[in-house]
Amino acid sequence: MDEFLQSLIRGLGTGSIYSLLALGFVIIYKSTQVISFAQPAFMLAGAVLVSYLAPAVSFFGAVLVAAVVIAVLALGVERTVLRPMVGKPVFVVAIITIGVDVVVRVVTNAFIGLDVRQVGDPWGLTTVNFLGAEVQQRYLVMIGTTAVVTVALFLFFRYSRIGLAMRAVAYDQEVALAQGISVGSVFALSWALAGGLAALAGVFVATGAGVDQQLWIVALKALPAIILGGLESLGGAVVGGLAVGIVESLFGTYQNDFAPWLGPNFALVAPYALMLLVLLVRPYGLFGKREVERL
């Protein structure tokens, strides 16, 4: 039972990272109908920035500053690179985000070098007793922080005027424009929010392990999370991210005992297998909306 609880908490912690990244993907997609492949670079840049700031200020201050800086960077990318592409095919814009990802990562890698940089988190690999099982403290912090951020986002979109404007744009851009809503400002804010969330996710990935040039690969696990939950659902992004984390952790713990024939590294592809199984039943994801076209 202790082993199962440890695996579950580890999965929820890792899944919290995927949820933060997936929320960024979904926020941008709902506003612009474009999947931004620049999220891995923003995640890496946020973690690297914290590794430089943490020695000078407190860890929590460094995280806050990094989230704001990466949010501004993402906003700047939207304004200078993607804004001129409004009206272009979605595929073209998505390819441009891949270019942004490559450029930002190349620049960021120059600040990493060949060594692993530490973010200065106060938890490291310290374990605590949770419900009778020894679990790493960082996973509990990840789960708690993601829960707070998720609730804050839902309240923001539900009750704030800006959040309502973003929901209106996500529903119908032309109607939102007719009501006097600045669609361009919503696009920019969407990218800023996604950048801040990616930076926070990057810090969590680096806690206990440090930052290296391969950190960005973790962000790819958010792709099955958003497809699993549904591209247009914030709640689906959270559920999908947690589901991916739990499945990955449980397979890593028990697969050798119950299904060794799947191979020693099946846990790495288990999230994608889960995504395919769900899509066979629900092609639009668990919480996605079915598109109906009238001819």
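So here's what we get for this one:
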| item | result |
| --- | --- |
| Any pair with Cβ under 9 angstrom, 6 or more apart, that starts in region 99-111 at a residue that is in contact (Cβ under 8 Å) with a residue 24 or more places away in the chain and ends at one that is of a type in the set (Val, Ile, Thr) and surrounded by fewer than 17 Cβ atoms within 10 Å (Cβ to Cβ) | VAL100/VAL81 |
| Residue that is farthest from the chain's Cα centre (by Cα) [pool: residues in region 87-124 that are open to solvent by less than 30 Å² (accessible area, probe 1.4 Å) and under 15 Å from GLN33 (Cβ atoms)] | VAL93 |
| Any hit, region 78-93, residues being in a helix (DSSP H, G or I), β-branched (Val, Ile, Thr), without any contact (Cβ under 8 Å) to a residue 12 or more places away in the chain and farther than 23 Å from GLN213 by Cβ | yes |
| Counted residues, region 1-58 - those being among the acidic types (Asp, Glu) and free of Cβ contacts under 8 Å to residues at least 24 places away in the same chain | 0 |
| Every residue from region 142-171 that is free of Cβ contacts under 8 Å to residues at least 40 places away in the same chain, touching a Phe, Trp or Tyr at 6+ places or on another chain (Cβ under 9 Å) and either of a type in the set (Gly, Ala, Ser) or closer than 16 Å to LEU200 by Cβ (or both) | GLY163 |
| Cβ-Cβ under 9 Å pairs, at least 6 apart or on other chains, region 183-201 side modelled with pLDDT of 90 or more, far side outside any helix (DSSP H, G or I) and of a type in the set (A, V, I, L, M) | TRP191/ALA38; ALA194/ALA38; GLY195/ALA38; ALA198/ALA38 |
| Scan of region 109-161 for residues that are at pLDDT 85 or above, aromatic (Phe, Trp, Tyr) and closer than 23 Å to ARG10 by Cβ, ordered by number | TYR139 |
| Unique match (being in contact (Cβ under 8 Å) with a residue 24 or more places away in the chain, touching a Leu at 6+ places or on another chain (Cβ under 9 Å) and open to solvent by 10 Å² or more (accessible area, probe 1.4 Å)) among GLU248, GLU232 | GLU248 |
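The values are calculated or read from the model by the stated rules, or taken from the named source; none is laboratory data. The structure presented is a predicted model; accordingly, all values stated were derived computationally and were not measured. Please note: Cβ atoms are built from the backbone with ideal geometry, for glycine as well, and neighbour counts cover all protein chains shown. Surface areas here come from the heavy atoms of the whole protein model, side chains and all, with no ligands, DNA or RNA. Shrake-Rupley method; radii C 1.70, N 1.55, O 1.52, S 1.80 Å.
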